[in-house]
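Structure provided below as structure tokens; questions to follow.
The values are calculated or read from the model by the stated rules, or taken from the named source; none is laboratory data. Predicted, not measured: the structure shown is a model, and the values here were computed from it. Here Cβ is always computed from backbone atoms with ideal geometry, including for glycine, and neighbour counts include all displayed protein chains.
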Amino acid sequence: MEKFEPRFQGDRWPDRHGPGSGARALHVYAVPDLTAHPELAQLVAECHKAMADFPVTLMTTTLHSTVEMVADTTSDEITVSERADLAAALHRHLAGTAPIEVTVGSPVANKAGAYLDLHPDQELVALRERVRAAISEVRGPNALRHRGGRPHITLGYAWNTASSDALQTALRRISPSHAPLTISSVQLLDVLWQPKPRPDDRTAWEISWNPVATIPLASAR
């Protein structure tokens, strides 16, 4: 496990307003509602407990599954009307998309920290492609510069080097290691990645966001 460094346009995340300021970019996330999914809430809590002794920034209020990033420019360059156009395109392209039922888990440790696997993949991949089509329609193909890999929910990001094997061993002890989740909306968010100081003179990249629009899926309209 190595220190996580967010990437933008294939390079290090920029500091738009000086060292330590970070930068914002628009993202489409699926944000799980833990109140409506108590089994998932319990699984996340057990995972975070297992991760407590590792150098990982835990996703608590920022638990999410990335669908896509708008990567042609940072969000400070995207106007209010352009954001409205993007939200409208997402509504159009996701019209008729039903809520998606998935199984969350098992938890997996990797180089960047740890995540929860999501499966089956097919409907999630189809959702991503519709979101990508909406972004491309409004911002052009240059806005699509990242491939998200297999769908997952991030549990936390590493801020220092540690053993992924040791973390995986701790996560492997959790039972039950799976939980159901219904994805009934996606959110367009203005996401800030910012390096934050730690007491040991290190820094950790931390995420926060401001909501732009919520796009409900079919039966949630």
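Report, by residue number, each residue of the stretch 136-167 that is within 26 Å of T61 (Cα to Cα) and over 16 Å from the mean Cα position of the chain (by Cα).
If we filter the stretch 136-167 for residues that are within 26 Å of T61 (Cα to Cα), which is where we start, we get 146-164, 166-167.
Scanning the stretch 136-167 gives W159, N160, T161, A162, S163, S164, A166, L167.
Between A162, A158, which is more than 25 Å from Y29 (Cβ to Cβ), surrounded by 15 or more Cβ atoms within 10 Å (Cβ to Cβ) and in contact (Cβ under 8 Å) with a residue 40 or more places away in the chain?
On the way: A158 fails: more than 25 Å from Y29 (Cβ to Cβ).
Being more than 25 Å from Y29 (Cβ to Cβ), surrounded by 15 or more Cβ atoms within 10 Å (Cβ to Cβ) and in contact (Cβ under 8 Å) with a residue 40 or more places away in the chain holds for just one of A162, A158, which is A162.
Looking for something under 13 Å from the mean Cα position of the chain (by Cα) and surrounded by 15 or more Cβ atoms within 10 Å (Cβ to Cβ) - is there at least one such residue anywhere in the stretch 193-200? Spell out the reasoning first.
Step one: filter the stretch 193-200 for residues under 13 Å from the mean Cα position of the chain (by Cα), giving 193.
Remaining after also requiring surrounded by 15 or more Cβ atoms within 10 Å (Cβ to Cβ): 193.
Yes, because at least one residue in the stretch 193-200 is under 13 Å from the mean Cα position of the chain (by Cα) and surrounded by 15 or more Cβ atoms within 10 Å (Cβ to Cβ).
Would you say A218 is over 14 Å from the mean Cα position of the chain (by Cα), more than 25 Å from A25 (Cβ to Cβ) and aliphatic (A, V, I, L, M)? Don't jump to the end; show me each part of the working.
Details: over 14 Å from the mean Cα position of the chain (by Cα): yes; more than 25 Å from A25 (Cβ to Cβ): yes; aliphatic (A, V, I, L, M): yes.
Taking the combined requirement at face value, the residue satisfies it.
If we scan the stretch 18-38, do we find a residue that is of a type in the set (K, R), farther than 24 Å from V125 by Cβ and without any contact (Cβ under 8 Å) to a residue 12 or more places away in the chain? Outline the logic, then answer.
Here is the first cut: in the stretch 18-38, the ones of a type in the set (K, R) are 24.
Imposing the further condition that a residue be farther than 24 Å from V125 by Cβ reduces the set to 24.
Then keep just the ones that are without any contact (Cβ under 8 Å) to a residue 12 or more places away in the chain; that gives none.
Looking for residues that are of a type in the set (K, R), farther than 24 Å from V125 by Cβ and without any contact (Cβ under 8 Å) to a residue 12 or more places away in the chain, one finds none in the stretch 18-38, hence no.
Follow-up question, since we're still on this one. Is there any pair with a first residue in the stretch 120-148 that is free of Cβ contacts under 8 Å to residues at least 40 places away in the same chain and of a type in the set (S, T, N, Q) and a second that is part of a helix (DSSP H, G or I) and surrounded by 16 or more Cβ atoms within 10 Å (Cβ to Cβ) whose Cβ atoms are under 7 Å apart and which are 6 or more apart or on different chains, and what are they?
Correct list of pairs: S136/A143.
Considering only the stretch 174-192, I want to know if a residue exists there that is over 18 Å from the mean Cα position of the chain (by Cα), surrounded by fewer than 18 Cβ atoms within 10 Å (Cβ to Cβ) and modelled with pLDDT under 95.
Scanning the stretch 174-192, I find no residue that is over 18 Å from the mean Cα position of the chain (by Cα), surrounded by fewer than 18 Cβ atoms within 10 Å (Cβ to Cβ) and modelled with pLDDT under 95, so the answer is no.
When the stretch 170-221 is examined, which residues are found to be closer than 24 Å to T57 by Cβ, polar (S, T, N, Q) and part of a loop (DSSP other than H, G, I, E, B)?
S177
If you take the residues of the stretch 82-121 that are polar (S, T, N, Q) and over 25 Å from L217 (Cβ atoms), which of them is surrounded by the most Cβ atoms within 10 Å (Cβ to Cβ)?
Keep residues of the stretch 82-121 that are polar (S, T, N, Q), which gives 97, 103, 106, 110.
Okay, now just the ones that are also over 25 Å from L217 (Cβ atoms), so 106, 110.
On the way: S106: 17, N110: 14.
Residue satisfying both the conditions and the ranking: S106.
Please determine, by comparing only the residues of the stretch 27-54 that are acidic (D, E) and not in a helix (DSSP H, G or I), which one is surrounded by the fewest Cβ atoms within 10 Å (Cβ to Cβ). Talk me through it step by step, then tell me what you get.
Looking only at the stretch 27-54, we keep the residues that are acidic (D, E), and these are 33, 39, 46, 53.
Next, from what is left, pick out any that are not in a helix (DSSP H, G or I): 33, 53.
Numbers: D33: 13, D53: 11.
Among those that are acidic (D, E) and not in a helix (DSSP H, G or I), it is D53.
Can you report the number of residues in the stretch 112-121 which are modelled with pLDDT under 95 and over 10 Å from P151 (Cα atoms)?
The number of residues fulfilling the criteria is 1.
Can you name every residue in the stretch 1-14 that is without any contact (Cβ under 8 Å) to a residue 12 or more places away in the chain and acidic (D, E)? First the steps, then the outcome.
The first filter runs over the stretch 1-14 and keeps only residues without any contact (Cβ under 8 Å) to a residue 12 or more places away in the chain, leaving 11-12.
D11 - this is the single residue of the stretch 1-14 that is without any contact (Cβ under 8 Å) to a residue 12 or more places away in the chain and acidic (D, E).
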